[in-house]
Amino acid sequence: MTIDVYWRIGMEGDHASLRTPRRYNRGNAGGYGPGNIAPAVRGGALDQYTYLDHVAAVAKATESAGFLGGLLPSFPVTDDPWAFAAALAAETTTYRFMVAFQPGFLHPVQAARMSASLQRATGGRLVYNIISGGGGPAQLWWGDKVSHDDRYARTSEFLDVLRGVWDGEPFDHDGRFFRTEGAALPPGLAGQPFPEVYFSGSSGAAVAAAGRHADYYLSWLEPYADLRAKFDGVRRNAETTGRTPKFAVRIDIVARHTEEAAWAEIEQGWAFVDRDAANRAAQGDSVGAARIKGWVPENITGYRDLEVQPNVWCGFSLIRGGPAFGLVGSYEQVAQRLDELIDLGVDAFILAGNPHLEEAYRVGEEVLPLLGRSRLTAPPTDTVLATSR
């Protein structure tokens, strides 16, 4: 069984470490003060090493460390992931670029042209991370006031039209959100490999849309029993359309040589806990965000209160933005937890760690080689003894 493993690329800038989560020193998220790198202030002026150069270093590091590709997130505070994917393609060889985007902000015919152009230029290295939006202030930043369920209906129609024009035959469509007459990709772009679709969302509307379109249903990490129940719901929905989706999970990781060293990283970052910031980030109508918020208890006496099962910690969103759940432990423990998720039905991972460059090397060199080791049959005891002599 082949497991696809991607790495998240910090498009919004990056922390110096999880121990100092309020200190952004890569990119412009924290400004360009002393101690900032990529770019750095040297002699009173910014040097010529841009944040794009740094992101290229992350992409090349993860490619060399064994990752299949990288997720390029999209937020109001980030550069555009389509543009970054095009720029980074020349810096890598086989690395795939998972571009996150909200279909409501592009016409599907234009998205098809952009996608096919990128596929032709890179030899088919584009992957879609379809986001229908979480509502709230961030959604309004884009000028999008479409209601929750309608956003998923719009996404579904968007993908119908995009697939309709992909092979170059004239395609007519008259729907709620989009209309085309004789739309088609031109020769040369038509017939490029269609990007794999990673589709996320926890609501009924999201699951229904994923059942129709997703190659991979993507979820944040949750307690394993809840994740299993979510996957079962997606499978049942997909069966009504004759499709069999695969599953992917987005996971933050703190892995060290020992479990104690990993938890020491969390303990130091715990000094920066900001529950108000986590609550503000959870505003909107995202069902997934609401689910995760419900797992974080109101009364917390210490960081280990948030370990919901061995090595599964739901406090990440309290010390940095993003999903709450991640894995904390030794390299062997983290690999074992990932193996358990594979047993649960996971076919792909999007892993992450702060800072993204250094942790990519760590996870690639120390954790990925251990995946599947727990599945191997142990050698006979006499063989082990003979080898050790």
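For the stretch 1-55, give the percent of accessible area contributed by carbon and sulfur heavy atoms, probe 1.4 Å, rounded to a whole number.
On the way: 1350 of 2640 Å².
Accessible surface attributable to carbon and sulfur in the stretch 1-55 totals 51 percent.
Looking at the square roots a ≥ b ≥ c of the eigenvalues of the Cα gyration tensor of the chain, which shape do they give, rounded for a/c under 1.5, prolate if a/b is larger than b/c, or oblate?
Working: a/c = 1.44, a/b = 1.30, b/c = 1.11.
Rounded.
Can you give me the Kirkwood hydrodynamic radius for the stretch 39-117, using every pair of distinct Cα atoms, in Å to one decimal?
About 14.1 Å, per the Kirkwood formula over Cα pairs.
Under the rule of -39500 (n - 2.57) per DSSP H run of 4 or more residues, summed and divided by the residues of the chain, what mean residue ellipticity at 222 nm is obtained, to the nearest 500 deg cm²/dmol? Intermediate results must be reported in sequence, preceding the final value.
Numbers: 14 runs with 153 residues, N = 389.
My calculation for the chain gives -12000 deg cm²/dmol from helical runs alone.
Taking every pair of Cα atoms in the stretch 187-261, average 1/r, invert it to obtain the Kirkwood radius, and report Rg/Rh to two decimals.
Working: Rg = 16.2 Å, Rh = 14.1 Å.
So for the stretch 187-261, dividing Rg by the Kirkwood Rh gives 1.15.
Please identify the longest segment of the chain free of exposed GluC sites (Glu not before Pro), where exposed means a DSSP state other than H, G, I, E or B and no more than 16 other Cβ atoms within 10 Å.
Numbers: sites that count: 91, 298.
After excluding every exposed loop site, the longest remaining stretch is 92-297.
Calculate the dipole size of the chain relative to its Cα centre from +1 charges on Lys and Arg beta carbons and -1 charges on Asp and Glu beta carbons; express the result in debye to the nearest 20. Write out the running numbers ahead of the final one.
Values: 37 positive and 46 negative charges, 38 e Å.
With only Lys, Arg, Asp and Glu charged at Cβ, the dipole is about 180 debye.
Pop out the carbon and sulfur fraction of the accessible area of the stretch 175-284 as a percent, whole number, probe 1.4 Å.
Details: 2390 of 4940 Å².
C and S fraction of accessible area: 48 percent.
For the chain, modelled as a Gaussian network with Cα springs under 10 Å, which listed residue fluctuates most, 233, 302, 201?
Result for the chain, Cα springs under 10 Å: 302 fluctuates most.
Per residue, what accessible area does the chain have, given a 1.4 Å probe and all protein chains present, in Å²? Could the numbers behind the result be given before it?
Values: 17030 Å² over 389 residues.
Counting only protein heavy atoms, the per-residue value for the chain is 44 Å².
Once a ≥ b ≥ c are taken as the square roots of the eigenvalues of the Cα gyration tensor of the stretch 75-117, is the result rounded (a/c under 1.5), prolate (a/b larger than b/c) or oblate (a/b not larger than b/c)?
On the way: a/c = 2.49, a/b = 1.35, b/c = 1.85.
Since a/c reaches 1.5 but b/c is at least a/b, the shape of the stretch 75-117 is classed as oblate.
Over all distinct Cα pairs, what is the inverse of the mean 1/r for the stretch 45-203, reported as the Kirkwood hydrodynamic radius in Å? All intermediate terms of the calculation are to be shown ahead of the outcome.
On the way: mean 1/r = 0.0594 Å⁻¹.
Taking the inverse mean of 1/r over all distinct Cα pairs, the stretch 45-203 comes out at 16.8 Å.
Check each of the trypsin sites (Lys or Arg not before Pro) in the stretch 1-86 and keep only those in coil by DSSP with at most 14 other C-beta atoms within 10 angstrom; list them in order. Walk me through the numbers before you get to the answer.
Values: sites: 8, 19, 22, 23, 26, 42, 60; in loops: 19, 22, 23.
Within the stretch 1-86, the qualifying trypsin sites (Lys or Arg not before Pro) (loop, at most 14 other Cβ atoms within 10 Å) are 22, 23.
Toward the positive end of the charge dipole of the chain, about the Cα centre and with charges on Cβ (Lys, Arg +1; Asp, Glu -1), which of 185, 3, 318 goes farthest?
185
Could you tell me which of rounded, prolate or oblate describes the stretch 160-205, using a ≥ b ≥ c as the square roots of the eigenvalues of the alpha-carbon gyration tensor, with rounded for a/c under 1.5 and, failing that, prolate when a/b is larger than b/c and oblate otherwise? The partial results should precede the final answer.
Details: a/c = 4.62, a/b = 1.38, b/c = 3.35.
Oblate, since a/c reaches 1.5 and b/c is not below a/b.
The values are calculated or read from the model by the stated rules, or taken from the named source; none is laboratory data. Note that the structure is a prediction, hence the values are computed from the model and not measured. No Cβ is skipped: glycine too gets one built from the backbone with ideal geometry, and neighbour counts run over all protein chains shown. The accessibility values were calculated without ligands, DNA or RNA, using every heavy atom of the protein model including side chains. Shrake-Rupley method; radii C 1.70, N 1.55, O 1.52, S 1.80 Å.
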